[in-house]
Amino acid sequence: MSEKTLFEKIIDGEVPGDFVHKDDICVAIKDINPKAPVHYLIVPRKPIPGIHELDENEDWPIVTHLFKVAKGLAESESCEGYRLQFNVGEKGGQIIPHLHLHLMGWK
Ligand code: AMP
């Protein structure tokens, strides 16, 4: 079995995480190094490495769900404006090989 990603360890409670949302499909945690007043990471429980590794037949609904959760969190945090961002690949700034949507918001 391959080693767990950092986000799997956070989801499994082996590494501390500051959770702001949990459901059957994903969790959201506060980014440890925030780049905006609100900076959350919306992470699917399924450890898909990144956008390129999405299974065409079954994973796209997960991506839709991540966007819905991000929108709800931005609303509940009363963000006036926000960015939703996937970093893809090392050159695209992706450090953790477990799909995650950045929500960066400003009030
Ligand atoms: P990326 O560069 O898209 O892979 O994003 C990884 C993000 O995870 C960065 O914004 C980091 O600040 C954040 N991060 C790294 N370690 C942790 C952690 N233990 N808890 C929460 N966020 C983390």
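The values are calculated or read from the model by the stated rules, or taken from the named source; none is laboratory data. Owing to the predicted nature of the structure, the values given are computational and were not obtained by experimental measurement. Please note: Cβ atoms are built from the backbone with ideal geometry, for glycine as well, and neighbour counts cover all protein chains shown. Side chains included, ligands, DNA and RNA excluded: accessible areas come from the protein's heavy atoms. Shrake-Rupley method; radii C 1.70, N 1.55, O 1.52, S 1.80 Å.
Taking amide H as placed 1.01 Å from N in the peptide plane, Val38 has its amide H under 5 Å from the amide H of Gly105, each at least 5 places away in sequence or on another chain. When Ile10, Ile32, Ile25, Ile51 are compared by accessible area of protein heavy atoms, the largest-first order is Ile32, Ile25, Ile51, Ile10, using a 1.4 Å probe. Centre-to-centre separation between the Cα atoms of the range 1-29 and those of the range 68-104: 16 Å. Length, then width, then depth: along the principal axes, the Cα atoms of the chain run 42, 31, 30 Å. In order along the range 81-95, the Karplus-derived 3J(HN,Hα) couplings, from 6.51 cos²θ - 1.76 cosθ + 1.60 at θ = phi - 60°, round to x, 7, 10, 10, 9, 9, 8, 10, x, 4, 5, x, x, 7, 9 Hz, and Gly and Pro are given as x.
Ligands, DNA and RNA left out, the accessible area of the chain computed with a 1.4 Å probe is 52% carbon and sulfur. Dipole magnitude for the range 31-95: computed about the Cα centre from +1 point charges on Lys and Arg Cβ and -1 point charges on Asp and Glu Cβ, it is near 180 debye. Summed over the residues of the chain and divided among them, the accessible surface reaches 62 Å² per residue at a probe radius of 1.4 Å.
Model label sites at Phe19 and Asn57, defined 7 Å from Cα along the beta-carbon direction, differ in position by 3.1 nm.
Counting only DSSP H runs of at least 4 residues, each contributing -39500 (n - 2.57), and dividing by the residue count of the chain, the helix-based mean residue ellipticity at 222 nm comes to -6500 deg cm²/dmol.
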